[in-house]
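Since the structure comes first, as structure tokens, the remarks are kept for the end.
The values are calculated or read from the model by the stated rules, or taken from the named source; none is laboratory data. Just so we're clear, the structure is a prediction, and the values are computed from it rather than from any experiment. Here Cβ is always computed from backbone atoms with ideal geometry, including for glycine, and neighbour counts include all displayed protein chains.
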Amino acid sequence: MAHCAYYATKKLPYQATDLLKKIASYFKHSAKRISAFEHVQEILDMKILKILKLAQTRWLSLSACIERLLVLMPALKTYFHNELTTLNNKMRLSTKESELKKTINEIYLLLMHVDTELYFRFLHYVLPLICDLNLEFQSESPRIHKLYSLMDEVCQTLLKNFIKPEVIESGDLQVYKNPANFLRNGDIYAGPWVAAFVEVNSNLTASKLAVFYTNVRNFRNSPIVSHCCFL
């Protein structure tokens, strides 16, 4: 299941782990930066939370890391904007400061890009489905009697989000790869966080949303669906 999740995320144009690693690396071993970031959270009247580090078993921790980043998104945007402004206001930068500015700018641009939050919100919805099932496979206690029903449940959930309901009711799950059976882009369900974001974000043009929903469909039309439906 972890391998299925890995290949499914490859269907997306944006690799969530890249930004998570950049942010974690930036704050790593720097009490000063962490303190400044916590101060920003206080100013924004937010609960003080730490950046989560992606663990070795990353497909089990990725979901939690993404959820935490989404919660901290306003504070992260403010913090990196402030840091970038401070460096931009300096008349002359040392070599170290120039490298730091480059890193901060990369992170800030990713945070501010509308696609970043859009895809993170989608992953926040879909990854727990995969990770929870993966945990069942890793359980030390006998779970074989429950795995089939759990896999069927995940498969049905994923398919209902992008396949026409009458097709699913037919019971022929092999039709999930036939484009004629796909829902229209506007009818695809990518999770409640995506729906709320799309509703209020005017920067999401029709063409940008069309690309997003195509990528969401590609994510689901991947080994993760095959694995759940046909094992």
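Tally the residues that are touching a residue at least 40 places away in the same chain (Cβ under 8 Å) and either exposed (fewer than 15 other Cβ atoms within 10 Å of the Cβ) or not in a helix (DSSP H, G or I) (or both), restricting the search to region 153-168.
2
Return yes or no: is LEU93 loosely packed, with under 14 Cβ neighbours inside 10 Å, outside any helix (DSSP H, G or I), at negative phi and at pLDDT 90 or above? Judged against the criteria, LEU93 is a match. Within the set LYS47, LYS28, LYS32, LYS22, the sole residue that is modelled with pLDDT of 95 or more, under 22 Å from the mean Cα position of the chain (by Cα) and farther than 17 Å from LEU127 by Cβ turns out to be LYS47. Among residues belonging to region 177-213 that are surrounded by fewer than 16 Cβ atoms within 10 Å (Cβ to Cβ) and of a type in the set (S, T, N, Q), point out the one that is farthest from the chain's Cα centre (by Cα). In this case the residue turns out to be ASN178. Only one of the numbered conditions (1) out of contact with any His (no Cβ under 7 Å at 6 or more places or on another chain); (2) surrounded by 16 or more Cβ atoms within 10 Å (Cβ to Cβ) is not met by TYR108, and that is (1).
Only one of the numbered conditions (1) modelled with pLDDT of 80 or more; (2) surrounded by 15 or more Cβ atoms within 10 Å (Cβ to Cβ); (3) touching a Lys or Arg at 6+ places or on another chain (Cβ under 9 Å) is violated by LEU150, and that is (1). Remark: LEU204 falls outside the filter, which requires a residue to be modelled with pLDDT of 90 or more and either within 16 Å of ASP115 (Cα to Cα) or in a helix (DSSP H, G or I) (or both). When you look at SER61, is it at pLDDT 85 or above and polar (S, T, N, Q), yes or no? Judged against the criteria, SER61 is not a match.
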